[in-house]
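A short reminder: the numbers here are calculations on the coordinates, not readings from a lab. Source: prediction; values computed, not measured. Glycine gets a Cβ as well: all are built from the backbone with ideal geometry, and neighbour counts include every protein chain shown.
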Amino acid sequence: MKKKIAFLVSILICISMVMTNFAGFGNTLKEVKANDKYTITVSSTVMADDVWFGAYIEDGNLSFTGENGEFSFLGEEGTEVSLSVDYNPNYIFKGWKIVSGSGTITEGDDGEYYYIIGNTNSKIQAIFEEKESHPAFIEEWLVGENPNKPQYTNAQGSTVETEGVYYVDALCEYFTEHDRDGAEEVGSVPTKPGTYYVKFFIEGDEKYKNEEKILKFNIRKKINITANNNEETYKPGLTYDVSTLFEIPDVAGTPSYEIVANKDNTVAAGAGTIDGDTLTIEKVGTITIQVTTAQTDTVASASAEATLTVNPAKITSNMLNLAPDSYI
């Protein structure tokens, strides 16, 4: 998001000049003497959604405006201006450029920038690039497991663990508590199932900015599904409710069913198609069904497998005039 930028002009040697320049953002340009040297230091501080840059002149009457990071000069040709920028943890200074007028900008061995005014109405601009936001995450855990700490990535690419304060709402207005959330202290790590938020501060570096992070995470409890194998006798058009193969706790998420590979190579694999919890059987043999329940805010996903053995139908002599106890 593009930041709104304003400039505060302060001429340290004269209080009245400070007030005049602040009121008009320095729009009344003042003449400077040729060959004098002036130092402008641009510093920035984050305030709410705006970024305010303060420009300070240490000596002389150099005047400028501050629209969109631009400085307008009124001075004799050849006037030298030394430009420096204070460190800001949220922005990277990229350099200066001439917007209008003429002159030259060079970087000295001392890291300072020097601008030589080329005519009496020149404009230069300080270029800043906002630093990136730290990648940050917290790994979720199950009830009874050791809690995980929030982590972030630094400029060197390393993952760093940090501490935080824990809340039960996205706005981070209500701390975790002992009775409700299982926290040892108010605002400490919760241990009971639920949705939580952790807030922590990360100090900026050469790549990433200072920032406060809020991460959402869940603690879930583990559930067990009991599988019950079963048998069925084949007949054309046979269907089977596969949900009867499993005992699923009521707190579990929505179950889904699928046919998985026959793991017992000594047993002939059956065949069929499944739609929801209804299995349409197409061939005798063993069919393995897997159920998987979706995770919820408080309950983890779970799965189990059960087998349905589909036996061939027994044909009697009365049916096909065959010998008794014949099979297909």
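At a glance:
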| quantity | calculated |
| --- | --- |
| Extended-chain gain in nm, criterion 0.36 nm per residue less alpha-carbon gap, Lys314 and Gln156 | 49.7 nm |
| Listed peptides 241-252, 101-112 by packing density, highest first (mean Cβ within 10 Å) | 241-252, 101-112 |
| Around Ile127: net Lys/Arg minus Asp/Glu count, Cβ-Cβ under 9 Å | +1 |
| Kirkwood hydrodynamic radius over Cα pairs of the stretch 272-317, then Stokes diffusion coefficient at 4 °C and 1.567 mPa s, in µm²/s | 99 µm²/s |
| Burial order of peptide ranges 179-187, 131-139 (average beta-carbon count within 10 Å, highest first) | 131-139, 179-187 |
| Relative compactness, the stretch 114-246, computed as alpha-carbon Rg over 2.2 N^0.38 Å | 1.90 |
| Ranked by how many other beta carbons lie within 10 Å on average, peptides 281-293, 197-209, 147-159 from highest | 281-293, 197-209, 147-159 |
| Pairs beyond 26 Å (Cα-Cα), from Lys199/Lys221; Lys94/Lys216; Lys97/Lys207; Lys123/Lys207; Lys131/Lys192 | Lys94/Lys216; Lys123/Lys207; Lys131/Lys192 |
| With eigenvalues of the C-alpha gyration tensor scaled by 5 and rooted, the stretch 114-173, Å | 48, 16, 7 |
| Linear extension gain, Glu80 paired with Lys97, 0.36 nm per residue minus alpha-carbon span | 4.6 nm |
| P(r), alpha carbons of the stretch 96-149 - 10 Å bins starting at zero, rounded % | 18, 26, 15, 10, 11, 13, 7, 1 |
| Amide proton proximity set for Val99, modelled H, under 5 Å, gap of 5+ | Lys123, Ile124, Gln125 |
| Projected label distance in nm at Asn224 and Asp297, using a 7 Å step from Cα toward the beta-carbon | 2.8 nm |
| Hydrodynamic radius of the stretch 175-252 per Kirkwood, over alpha carbon pairs, in Å | 17.5 Å |
| Projected label distance in nm at Ile105 and Lys216, using a 7 Å step from Cα toward the beta-carbon | 4.3 nm |
| Stokes-Einstein D (µm²/s) once Rh is taken as the Kirkwood radius of the stretch 227-309 over alpha-carbon pairs, at 25 °C in 0.890 mPa s | 185 µm²/s |
| Spacing of the two label points (7 Å from each Cα toward its C-beta) at Asp169 and Lys199, in nm | 1.1 nm |
